[in-house]
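The values are calculated or read from the model by the stated rules, or taken from the named source; none is laboratory data. None of these values were measured; they are calculated from a predicted model. Don't worry about glycine lacking a Cβ; one is built from the backbone with ideal geometry, like all the others, and counts go over all protein chains shown. Side chains are part of the model used for accessible areas, which takes the heavy atoms of the whole protein and leaves out ligands, DNA and RNA. Shrake-Rupley method; radii C 1.70, N 1.55, O 1.52, S 1.80 Å.
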Amino acid sequence: LACSHHHCAFPVGRNELCVWNTATAQPLYLSGHHCSISALSFGSKINPLLVCSASHERVIVWDLDECTQKVQEGFMPRGIVIGTLLGMVLHIRFSPDDQQVAVCAGNQIYMLSAKNKAILAELDGHLAPVTAAEFCTWEKSMLISVSEDRTFKARKVWDYSTSQLIYQSGIITAFPLLSLLINEENRQIITGCAEGQLWIFSLISDHNYRCITHINLKKEQEKFCNKLWKSGKEIGSEGQNNSKLCKTDNMRPEGSVETSLPILLIEHCDFLECFHNEENTYSSQNASYFWIGTSTGLLIINLANFELEAFLSYRDYRDLSIRIARSCALTRKAANGKVLCLITSMFEDMIAVLEVNLATLVRKHSDFLLCGNEKSLSVIARYRIIKCFLSMLVDGFCKLNYFPTGVKNTVKDKPLVFHNKIKSSGYTAAPRMTMFSPNTNLRRIDVLKWKTSCKCKNKEYPLESYPPIKYVKEISVTCKPTPIFCVQYSGDGELLACGQADKTVLIFNSNLTNAHNVFSGHDGAVNSVGWSHDRKWLVSASEDRTLRFWSVCNKEPALILGKEKFHKMVCFPQFYFIDTFILLCCGAEFHLLSFHLDATKDDLKRYIPRSACKLVQKFPMTSAMEITSLSAVNEFYSYIVLTAGSNRALEVFDLNAGCSTAVIQEVHVRSVHQICQNKGSSFSTQHPEAYNLFLTTAAGDGIKLWDLRTLR
């Protein structure tokens, strides 16, 4: 099958070619083959519009304008035979200037002239039939091919008498590679296999054809349908009925067989053109999109975040008798917001032409997802609260009261008496039942004072400067080689803490001139450290399952939490809610602790501890064996805590509600080992709405940027 602009080409009666003009609804029948037509392709240019057809015995190029004129004059249209007896042809492709045709026959690729019968070059090297080939538009005479031998090759054809192999990949997958697309905008190649797997490789010269990402379409399709189903439950019965199909499609009845998901086609999607008249588009204007044609339906993938934007299943349409497609073709450009899709049946001699309204398809899915995510997160804190104190514990949750600096408490601490002129000690109002509910009704003078003090203490990275890429200094922390497991800068950037395998914690000045302090006492390697917001305290966790709190001015720990407190190794400890709580991970759960630290000593009561710590609550992560990373903001008041687990999922906890609010499955191919949140000042006048809304996750397969508002 082949599609181009207003034309569709498909074989009729096996050896006759039919070119259907969708604008005039007039078919054009072309005869010239004696065997079954196995491959079709339109030319790259519109004027003249060429189409090439291939069979076992010959390859023919047709000029549609000339053929139409011949038919109108009453003559038999004829094409140019450019190749004969090349074998079983699986794929053909015109060059960008329509001067050459790449013919994939068997294990070889033949470069043929589009004007006459001449073989310009023969490219071999594949060990199995070549299934697809594409010309590189920005580099002249470069050809990329994929094969059933599960590899792709990049070749540069110089003068069509000799060919040079630029790159040959290893075996990518256990299944044959079936489709290929070159993304000109990002200079990438996208290839798909017979098991629903997508791979994207970079074609930038210094990237050495490295793999950018790998997409499992089966899992992405299942996640997308589950989102629609959950969103439909939130918005009412109409959403339930529309999303029910997605849910039932993924639930196989008893006795059924799970089939593969071959990727038959990868094509550019004219996504943004369909929304150019609308004020609110559903995605970024800088994003690229492409179609994925499978045996069961069509999918739209966003190349910016590699996520599914829309899904069309053949079985959802009763008028369409084709349930499983053998091959498909799509028009690259949308006409009046509609895209033509041509599919053939796997089991019958049947061809169907579909007209897909792209805007309606995407809008339908986007409306469901937007309505379903309205209550996924509570409001993220946008304000700095000047001062807070712990007032009481209610059902294991901390209740916080807030007062601005400089305002004296007018409630006097008096005994509780029944007199209308004497205020009692804090019981004149109903207690708050939420865990965190900061008072944001601050006076303007208090806000200005706080902003002034923050500017004096905190140093911000200059926006006009480039990222630090220059090597400056290197020091040796010990006399013998010792692994450093963690490093952490203090909030003002003046001090640097290092946790080492020799059971010590070192404090350096930021310029690494000398060691500020050395803390020792752990019985195992120190795996993580964390600074307090005021830079006076440091918390460290070790493989000995203990947690120690250190004062920067004292070498003795102010507080030690021993092995009896934790059933597994402690990691990722950090101060939270501007030094009000401690967060730490232990196995598959994280703990919220309230604490009091006092480094002063009393010689008469030296054995009575002045520091204390108490467990507030444990929060288990959903279906994870171990938490691999934890992140929360201590620079300002935020309710959000993010965790990543060994199950490769990212979970969002809202401590204001005291529960998990969202779980993102399959965040990376490997487990996330680092989460980084935006920790900028919420009083910034440049982009105040962006703070604490974006985060990055890092794993062995790369780094991703996430938006907390949409969880994408």
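With charges set only on the Cβ (+1 for Lys and Arg, -1 for Asp and Glu), what does the dipole of the stretch 2-218 come to about its Cα centre, in debye to the nearest 20?
The dipole of the stretch 2-218 has a size of about 180 debye.
How much of the pair distance distribution for the stretch 535-602 lies past 14 Å, counting alpha-carbon pairs only, in percent?
57
Starting from the Cα of Thr84, move 7 Å in the Cα-to-Cβ direction to define the label point; list residues of the stretch 1-45 whose amide nitrogen is under 16 Å from there.
32-35
Can you tell me the order of 315-323, 81-89 when each peptide is scored by its average per-residue count of other Cβ atoms within 10 angstrom, highest first?
Peptide ranking by packing, descending: 81-89, 315-323.
Could you work out the Rg to Rh ratio of the stretch 2-218, with Rh taken as the Kirkwood radius (inverse of the mean 1/r over all Cα pairs)?
0.98
Using a probe radius of 1.4 Å on heavy atoms only, what accessible surface per residue do you get for the stretch 1-60? Whole Å² is fine. Show your work: numbers first, answer last.
Values: 2580 Å² over 60 residues.
Accessible area per residue: 43 Å².
Compute from the Cα atoms of the stretch 1-123 the Rg and the Dmax, the latter being the longest Cα-Cα distance, and quote both in angstrom.
13.5, 42
Run through all the Cα pairs of the stretch 80-168 and give the fraction in each 10 Å bin from 0, expressed as whole percent.
The calculated distribution, bin by bin, is 18, 56, 25, 1.
For the pairs Lys70/Lys115; Lys45/Lys223; Lys140/Lys470; Lys473/Lys503; Lys503/Lys568; Lys503/Lys679, note any where the Cα-Cα span goes beyond 28 Å.
Where the Cα-Cα span goes over 28 Å, the pairs concerned are Lys45/Lys223; Lys140/Lys470; Lys503/Lys679.
Roughly to the nearest percent, how much of the accessible area of the stretch 2-218 is carbon and sulfur, given a 1.4 Å probe?
Carbon-and-sulfur percentage of accessible area, whole number: 50.
For the stretch 44-50, in order, what is each residue's ³J(HN,Hα) by Karplus, 6.51 cos²θ - 1.76 cosθ + 1.60 with θ = phi - 60°, in whole Hz (x at glycine and Pro)?
For the stretch 44-50, the Karplus-derived couplings read 7, 9, 8, 10, x, 8, 9 Hz, x marking Gly and Pro.
Rounded to the nearest 0.05, what FRET efficiency do Ile119 and Tyr471 give with R0 = 51 Å and r taken as the Cβ-Cβ distance? Could you check?
Values: r = 55 Å, r/R0 = 1.07.
Calculated transfer efficiency: 0.40.
In Å², and per residue, what accessible area does the stretch 530-610 have when probed at 1.4 Å with the other protein chains present?
Per residue, the stretch 530-610 has 48 Å² of solvent-accessible surface.
Work out, step by step, the length gained on full extension between Ile560 and Asn511: first 0.36 nm times the residue separation, then minus their alpha carbon distance; give nm to one decimal.
Here the segment from Ile560 to Asn511 would lengthen by 14.6 nm.
Pairs of alpha-carbon atoms within less than 8 angstrom and 6+ residues apart define the contacts here; what relative contact order does the stretch 2-218 have, in percent?
Once normalised by length, the contact order is 9 percent.
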